[in-house]
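**Q** Sending over a structure as structure tokens; questions will come in a sec.
The values are calculated or read from the model by the stated rules, or taken from the named source; none is laboratory data. Keep in mind that what you see is a predicted model, and the values were worked out from it rather than measured. Heads up, the Cβs are rebuilt from the backbone with ideal geometry, glycines too, and the neighbour counts pull from every protein chain shown. Side chains included, ligands, DNA and RNA excluded: accessible areas come from the protein's heavy atoms. Shrake-Rupley method; radii C 1.70, N 1.55, O 1.52, S 1.80 Å.
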Amino acid sequence: MFVNEVNDVKIYNLSAGKSVPDWLTDRRKRSQLMKKVDSRRQIELIQDFDMPGVCTSIRMSPDQQYILATGTYKPRVKCFEVSNLSIKFERCFDSEVTTFEVISDDYSKMVFLQCDRYVEIHAAHGRHYRLRIPRFGRDMKFHKPSCDMFIVGVGRDIYRLNLERGQFLQPFETEASCLNACEVNPEHHLLVAGTKEGTVEAWDPRTKQRCSTLDVAIRLPGVKEFPSVTALKFRNGLHMGVGTASGHVLIYDIRAKQPLLVKNHLNKLPIKRLAFNPAQNAVYSLDEATLKLWDEQTGKQIAYVESTTSFNDFCTIPDTGMFFLAQEDVKMLTYYVPAMGPAPRWCSFLDNLTEEIESEVVENVFDDYQFVTAKELAELGMEHLVGTNLLKGYMHGYFMDARLYNKAKAVVEPFAFDRFRKDKIRQEIESERKSRLQIESKLPKVNKELALKIMDEQANPSNSAKQRNVPNLLEDSRFKAMFENTDFAVNKEAEEYRLLAPVLNRLDKSKAKELKKRVEVARVAELHEEEAQQREDSDGDDDLFGFEKSDGEKDDSGDEASSDDDDRKEYVKEMKQAYKQVKRQRDEEEEEEEDDDEQDAPETIAAPQANGKAARPAANGSGNRFTMTALDPHKGSSALQQRIKQATLQDRVRVMTQLEGQVTNVGRSLGNRQMTFEVNKQKKSQYHAKKREAELKKHREERRSIVRPIKSLRLKKVNFK
């Protein structure tokens, strides 16, 4: 049993507790339950209250003597008798059940709506009749005065199946494109249907006509799209609850179009089911993630139940504080909330037990079994056990015996238990030890500086009302571990902290500066009072003192401006230093990693060259030297760039001298080295340039061979007459 307390309301989970692995035989399960003391104390309210795979819906019979639940796999219905606290019968179906209705006081008459459009009618002995509807159904309700079964689903029609005559009647045609839910008022038998368009249509079964249409989606604040209506429930003859796909619950008086209250679940999940508790003026609203209990008048939350998987359905026992939950899991959950009402008559012993029950922590491991992943198994050196009966494969790991796990852990870490034992003893001694000096505001052992800042802010609150109303973090139980557990200690050596250190120092300096300004203002006020007294004593010096005062004010303002500039310059300087230190440390770590890599792999590929060779720095006793290693020209370009950037200029000069001879000596006073280089271009552009140059060269040779030399021309004398 697990006890959870929300808003001073205790919620008892009667289904919680340690579970036994499924692969164990019944005999071993019983033997383990007999051995374990806490297992003997575990409360199993109803025996075998579970499903093979998933539970889809759950109901309570009108006489409150039977609990009926449907689930998979195979699709089935289970009936539990509360007088015996055990299962009464179990039946299987051909397809999964969408919803079902109990149309008699006990289990003798039931109607099941299935996902393949079939409707099955069951009697006490089993299936009585089976028929099919034109479209897929989503919900159905029974109208007792006319013996009609109203079925809604995909389509605009509300199908009417008369169970007395055994035939379909003329359906009601709505204005909607699809219907999601329906409900019949238990007092005046008004039929309401929730549509996909966010409206609720009311029909009178006596006149077979639509009475009115209620637009629900238009009343929701802050909703961009019109959500569909997914759940309906009547509290009495006048009040109705409406659940939408956007996670809103609206309480209506059917005589008005304005809602009395709008409750938002704040998770944008569709509301699956609603229920009312008239004795406590409470509303139960269920979505996929949570079941919330809240006040009907104010909307204030009373309690809530969070899901570990996904909730599908729930049902309450009238005039009691117990309810059942169907979820996407094997177990069907049983909860008991004493604030919502007493325990049912068939389990009245719960009222006495809840007074003595204390909170327990639910363990995530099976009894005597420990879950280990493949990585943990490798760390323990037990990979050879894979495939044996000592390991049971489950999900992404294995289950193994807890005793074997503890032995292996002790061998791998022989001093782990001693360290744990010493820490526990030290914690107990320190908790029992009392300080000789009882200090009113005692500092914690972890994050003392942070605690001092918080205490200072609490002692000297700012002028804003928002900061004055902030709770004290030292007294808040949510942040208790931050000042007790060393895992939450502020690491001042981390890069993030060192980058933020100048900002924090500036904030501290600004606070100190504000304090200094306050002191100076107080001192100036005292000086002004003294000067005023002096003026009264000597009237002739008023102008002089006034002139000196204005100069003093100007000087003070100038000093303040200069001090602000100095603070800003100092802040920028500190930020630059912090970034330089972080960058320097990163470079040192990268160099150390490179040295380690070079020592481990001396034949590391480095810079590619045209002749298929490469140059790389080798770490040895004579300093950084470069050797030649083969390299694939299509690989290592990015690694080459990184190495060239990290190498010094001297190393770059030596490499270029050895490989290409592009560095030459020149006789200059400003430098005796000259380096020639080419800008890296794409291979395609280089190829085209070389091709163009070859074509021009060929063209010049052709022209040179065709053009005749000038010596071959002979000049002849021409006589003009």
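**Q** Looking at Arg132, Arg138, Arg91, which is the one that is in contact with a Phe, Trp or Tyr (Cβ under 6 Å, 6 or more places away or on another chain) and either within 27 Å of His189 (Cβ to Cβ) or surrounded by fewer than 20 Cβ atoms within 10 Å (Cβ to Cβ) (or both)?
**A** So the residue among Arg132, Arg138, Arg91 that is in contact with a Phe, Trp or Tyr (Cβ under 6 Å, 6 or more places away or on another chain) and either within 27 Å of His189 (Cβ to Cβ) or surrounded by fewer than 20 Cβ atoms within 10 Å (Cβ to Cβ) (or both) is Arg132.
**Q** Please go through region 194-227 and give me each residue that is open to solvent by 20 Å² or more (accessible area, probe 1.4 Å) and assigned to a loop (DSSP other than H, G, I, E, B), ordered by number.
**A** Answer for region 194-227, where residues must be open to solvent by 20 Å² or more (accessible area, probe 1.4 Å) and assigned to a loop (DSSP other than H, G, I, E, B): Lys196, Glu197, Arg206, Thr207, Lys208, Pro221, Gly222, Val223, Lys224, Glu225, Phe226.
**Q** Please find, within region 283-305, the residue that is nearest to the chain's Cα centre (by Cα) out of those that are under 12 Å from Lys263 (Cβ atoms) and open to solvent by less than 10 Å² (accessible area, probe 1.4 Å).
**A** Within region 283-305, the match that is nearest to the chain's Cα centre (by Cα) is Asp287.
**Q** Within region 19-34, can one find any residue that is assigned to a loop (DSSP other than H, G, I, E, B), buried (at least 16 other Cβ atoms within 10 Å of the Cβ) and modelled with pLDDT of 85 or more?
**A** No: region 19-34 contains no residue that is assigned to a loop (DSSP other than H, G, I, E, B), buried (at least 16 other Cβ atoms within 10 Å of the Cβ) and modelled with pLDDT of 85 or more.
**Q** Being within 26 Å of the chain's Cα centre (by Cα) and open to solvent by 10 Å² or more (accessible area, probe 1.4 Å) is the filter here, so list the residues in region 314-332 that pass it. Don't jump to the end; show me each part of the working.
**A** Residues of region 314-332 that are within 26 Å of the chain's Cα centre (by Cα), as a first pass: 314, 325-332.
Glu328, Asp329, Val330, Lys331, listed by residue number.
**Q** A further question follows. Could you please let me know if His128 is closer than 19 Å to Asp105 by Cα, in a loop (DSSP other than H, G, I, E, B), in the same structural domain as Val97 (by the TED database) and in contact with a strand residue (DSSP E or B) (Cβ under 7 Å, 6 or more places away or on another chain)?
**A** Criteria not met by His128.
**Q** Restricting attention to region 107-123, does a residue exist that is open to solvent by less than 40 Å² (accessible area, probe 1.4 Å), farther than 26 Å from Tyr252 by Cβ, outside any loop (DSSP other than H, G, I, E, B) and of a type in the set (Ser, Thr, Tyr)?
**A** For region 107-123, residues open to solvent by less than 40 Å² (accessible area, probe 1.4 Å), farther than 26 Å from Tyr252 by Cβ, outside any loop (DSSP other than H, G, I, E, B) and of a type in the set (Ser, Thr, Tyr): absent.
**Q** Let me ask another. For region 297-328, which residues satisfy the criterion of being out of contact with any Gly (no Cβ under 6 Å at 6 or more places or on another chain) and small (Gly, Ala, Ser)?
**A** Gly299, Ala303, Ser307, Ser310, Ala326
**Q** Restricting attention to region 67-85, which residues are of a type in the set (Ser, Thr, Tyr) and open to solvent by 30 Å² or more (accessible area, probe 1.4 Å)? Show your work before the answer.
**A** Going residue by residue through region 67-85, those that are of a type in the set (Ser, Thr, Tyr) are 70, 72-73, 83.
Selection gives Tyr73, Ser83.
Here's the yes/no breakdown for (1) under 28 Å from Val249 (Cα atoms); (2) open to solvent by 30 Å² or more (accessible area, probe 1.4 Å); (3) part of a strand (DSSP E or B):
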| site | (1), (2), (3) |
| --- | --- |
| Ser146 | no, yes, no |
| Gly155 | yes, no, no |
| Leu169 | no, yes, yes |
| Ala176 | yes, no, no |
| Val192 | yes, no, yes |
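**Q** What about Phe311, is it of a type in the set (Phe, Trp, Tyr), surrounded by 20 or more Cβ atoms within 10 Å (Cβ to Cβ) and within 25 Å of the chain's Cα centre (by Cα)?
**A** yes
**Q** While we're here: Tell me whether region 231-245 contains one or more residues that are farther than 21 Å from Trp203 by Cβ and under 27 Å from the mean Cα position of the chain (by Cα).
**A** yes
**Q** Sticking with this one: Consider only pairs whose beta carbons are under 7 Å apart and that are at least six residues apart or on different chains; among these, list those whose first residue lies in region 470-482 and is open to solvent by less than 90 Å² (accessible area, probe 1.4 Å) and at pLDDT 75 or above and whose second residue is in a helix (DSSP H, G or I) and of a type in the set (A, V, I, L, M, F, W, C).
**A** That search, which allows pairs on different chains as well, returns Ala481/Phe488; Met482/Phe488.
A quick yes/no check of all residues on (1) modelled with pLDDT under 90; (2) within 17 Å of Glu183 (Cβ to Cβ); (3) among the hydroxyl-bearing types (Ser, Thr, Tyr):
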site	(1), (2), (3)
Arg210	no, yes, no
Leu214	no, yes, no
Ala217	yes, no, no
Glu225	yes, no, no
Ala231	no, yes, no
Gly243	no, yes, no
His248	no, no, no
